[in-house]
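Just below is one structure, and these are the notes that go with it.
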Amino acid sequence: MIEIVETGPFNTVQDLGRPGYRDIGVSASGAMDPLAVRIGNILVGNEEGAAAIEVQTFPFSLRFDRRTVFAVTGADGDPLLDALELLSWCAYTAEAGQVLALKHPPTLARAYVSIGGGLDVPSVMGSRSTSLRGSFGGNAGRPLEKGDRIAVGNSTDLAPVPANGLAVIEPAVALREVFPDLVDGALPVRALPGGEHALFPDDGDAFWSQTWKISSRSDRTGYRLSGEPIKPTASIEMRSHGIMPGVIQVPPGGEPIVQMSDANTAGGYPKIAGVIECDLWRLGQARIGSRLRFVRSTHAEARAVEQAVARYVKDVRTTSEMVKRALRAMA
Amino acid sequence: MSGIDFSDPATIAFLTDALTAAGVSGLEISRPGGQLRIVIATGNEARIDVSATSQPAPAAQPLMTVKAPMAGHFCPGSPLRSPAAGRLPRTVSAADILGFLRVGPVLLPLCAGRAGILTKQLAEPDALVGFGDPLFEIEPQS
């Protein structure tokens, strides 16, 4: 068991989501930074898709009621275990009674706490993610509250985490070649032209060339951007159609909405573009008030980024297992 | 599938001799039928935590060394400290991270292991170090 000692609103249990049910109106849900969840789970010896805690409001703390392996990934800033400062992106073993505390991260938005054995909440339609809109999944279909106690699954990992921890070079650093840094303080987000891109004048120039700000009306469902409104050349009436995370819609007001993990399943606004899937985690780590720019990408580039991420994840899994086995053999 | 019988004492003896000769500290072979693990006892077991092996020390007080827990690239420095804190000598506490051993994308934190004065860094940044190689020297403070 773990017990939530302190939490802000909207912190939830999430895994890699619940795809496959959008046709019956069920959002995919899942972590806003799925790469952080995958790496965190690998570090603690879980399957990549085990359920973790997504912390997006701070401070947050939890107590372990037995010896437990855990890792904090995603956001920057250093977690505390009792009074001891720890590293992010590093698996540790906590003793019974110890408290893990997360402070507000310096620059990023969401931290993930992975637990050896995973969070043992019921799987609903193939996922342990909380669906806030549907009020099901995760921890009783709602955000975590102080005093909540969540069961932890049995870890199947036989090799122990080294006494001083087991860390990784985080994705933003290891994959620097494929995830370009901020440009003039704006996060570059790669996107492909969407179904109604042609409705916008000058090949969508007003959309691609300006810097957008993530407005305060942004959450796990979608980011509403603020900037100079963009207008289609003709206003059209469209039937609602299926949409998904990453889709960028332009409502009549002209300020785009990017659908995120709890994306609506259908919508009728024109779609100017779609964020490539591999860049969604960076958007998930972008804070309200921060700025971004869309960069026109290609399917080939999106595929190349996806392959680089897959290589990194595989390398982390293979190497971390090898290191743990080697240290056990030499202990 | 090779025909070597890893449960044969002669094979194990041969492998042990070979490991000892090569200065390799351990070996693990996993096969569907079982697992063989050989650990060479050196009498000078290097561990990630500081071992109190008193090397034939010239000085009276025993120096502690932080050794490489396995082979990897040596990355001195800690992300939890400002770069200015990297000067030597300096006082360290047991839980301080002095650096990392990097194996591909994996980082193994190297902890001081005990309080004292960090006097020396014994390997170059990014050098490939082997199991048991000394990386830092700490003068214990009593």
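Observations
- Residue in the stretch A:277-292 that is buried (at least 16 other Cβ atoms within 10 Å of the Cβ), within 14 Å of another protein chain (Cβ to nearest Cβ) and aromatic (Phe, Trp, Tyr) present: no
- A count restricted to the stretch A:217-261 and to residues that are under 17 Å from A:Pro201 (Cα atoms) and either among the basic types (Lys, Arg) or not assigned by TED's automatic domain parsing to the domain that holds A:Ala286 (or both) stands at 1.
- Condition check for A:Ile272 on (1) touching a residue at least 60 places away in the same chain (Cβ under 8 Å); (2) farther than 28 Å from A:Val183 by Cβ; (3) among the β-branched types (Val, Ile, Thr); (4) away from every other protein chain (no Cβ under 14 Å): one failure, at (2).
- Put simply, of B:Leu98, B:Leu88 the only residue that is at pLDDT 70 or above, in a loop (DSSP other than H, G, I, E, B) and in the same structural domain as B:Leu110 (by TED's automatic domain parsing) is B:Leu88.
- The set of residues in the stretch A:315-331 being more than 7 Å from chain B (Cβ to nearest Cβ), touching a residue at least 40 places away in the same chain (Cβ under 8 Å) and either outside any helix (DSSP H, G or I) or of a type in the set (Lys, Arg) (or both) consists of A:Arg317, A:Lys324, A:Arg328.
- Residues of the stretch A:78-111 that turn out to be surrounded by fewer than 16 Cβ atoms within 10 Å (Cβ to Cβ) and outside any strand (DSSP E or B), as a count: 9
- Among residues of the stretch A:227-243, those that are within 25 Å of the chain's Cα centre (by Cα) and crowded, with 16+ Cβ neighbours inside 10 Å, counted: 2
- Residue that is surrounded by the most Cβ atoms within 10 Å (Cβ to Cβ), among those in the stretch B:109-131 that are within 18 Å of B:Met70 (Cβ to Cβ) and among the small types (Gly, Ala, Ser): B:Gly113
- Residue satisfying condition, being crowded, with 17+ Cβ neighbours inside 10 Å, modelled with pLDDT under 95 and more than 13 Å from chain A (Cβ to nearest Cβ), within set B:Pro58, B:Pro76: B:Pro76
- Within the stretch B:119-142, the set of residues being over 17 Å from the mean Cα position of the chain (by Cα) and either in a strand (DSSP E or B) or within 12 Å of chain A (Cβ to nearest Cβ) (or both) comprises B:Thr119, B:Glu139, B:Pro140.
- Residue in the stretch A:153-177 that is surrounded by the fewest Cβ atoms within 10 Å (Cβ to Cβ), counting only those that are among the aliphatic types (A, V, I, L, M) and in a helix (DSSP H, G or I): A:Val173
- Some residue of the stretch A:242-260 being closer than 26 Å to A:Pro105 by Cβ and within 14 Å of chain B (Cβ to nearest Cβ): no
- If you go through the stretch A:114-135 and keep only what is among the aliphatic types (A, V, I, L, M) and crowded, with 24+ Cβ neighbours inside 10 Å, you end up with just A:Ile115.
- Filter result for A:Ala198 (among the small types (Gly, Ala, Ser), free of Cβ contacts under 8 Å to residues at least 24 places away in the same chain and either within 14 Å of another protein chain (Cβ to nearest Cβ) or under 27 Å from A:Ile272 (Cβ atoms) (or both)): yes
- Test: residue in the stretch A:60-70 that is crowded, with 24+ Cβ neighbours inside 10 Å and more than 15 Å from A:Glu145 (Cβ to Cβ): yes
- Within the option set A:Thr57, A:Thr68, being assigned by TED's automatic domain parsing to the domain that holds A:Val168 and in contact (Cβ under 8 Å) with a residue 60 or more places away in the chain holds for one residue only, A:Thr68.
- Filtered residues of the stretch A:1-45 (kept if over 27 Å from A:Arg317 (Cβ atoms) and β-branched (Val, Ile, Thr)): A:Ile4, A:Val5, A:Thr7, A:Ile24, A:Val26
- Hits in the stretch A:68-122 - residues which are hydroxyl-bearing (Ser, Thr, Tyr) and more than 11 Å from chain B (Cβ to nearest Cβ): A:Thr68, A:Thr73, A:Thr93, A:Thr107, A:Tyr112, A:Ser114
The values are calculated or read from the model by the stated rules, or taken from the named source; none is laboratory data. No experiment lies behind these values; they were computed from the predicted model shown. With ideal geometry, Cβ positions are generated from the backbone for all residues, glycine too; neighbour counts draw on all protein chains shown.
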